[in-house]
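Coordinate-derived values only; no laboratory data. What you are looking at is a predicted structure, and each value in this text was computed from that prediction instead of being measured. FYI the Cβ positions are ideal-geometry reconstructions off the backbone, even for glycines, and counts take in every protein chain you see.
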Amino acid sequence: MPSIPIPRDQTSPYGHSQPARDHSLAAIRPDQITPPGHASPFALSIAAAVQATGGALSRTRMFALIRDGEVDARKVGRRTVVIASSLWAYIERQPSAGPTTGSNGGEA
């Protein structure tokens, strides 16, 4: 298996050393988004919100839900973050899948 190169510190055009930035989800530690005293994050990036739904919602659908007011979001700098409680509330408002029945609709 080939190894993945690890980004090293980079030098800016002005000669200042800057740590390499990793914008992947793996770079976000839970303590960076979980407030003290809370068990789960209160805000999720769009990618994390999509991942939290198990892929049931796409990135495009997430932005549509935000636009339509179904899910609450905020801008933090240039990043859009989804308020986790509003995402959970949206999921809870969806119809239940109900019990799974056989191919004959549950009839014997």
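Some points to look at:
- Think of each Lys and Arg Cβ as +1 and each Asp and Glu Cβ as -1; about the Cα centre, that makes the dipole of segment 35-93 roughly 300 debye.
- With 10 Å bins from 0: P(r) over segment 35-93, alpha-carbon pairs, percent: 24, 59, 16, 1
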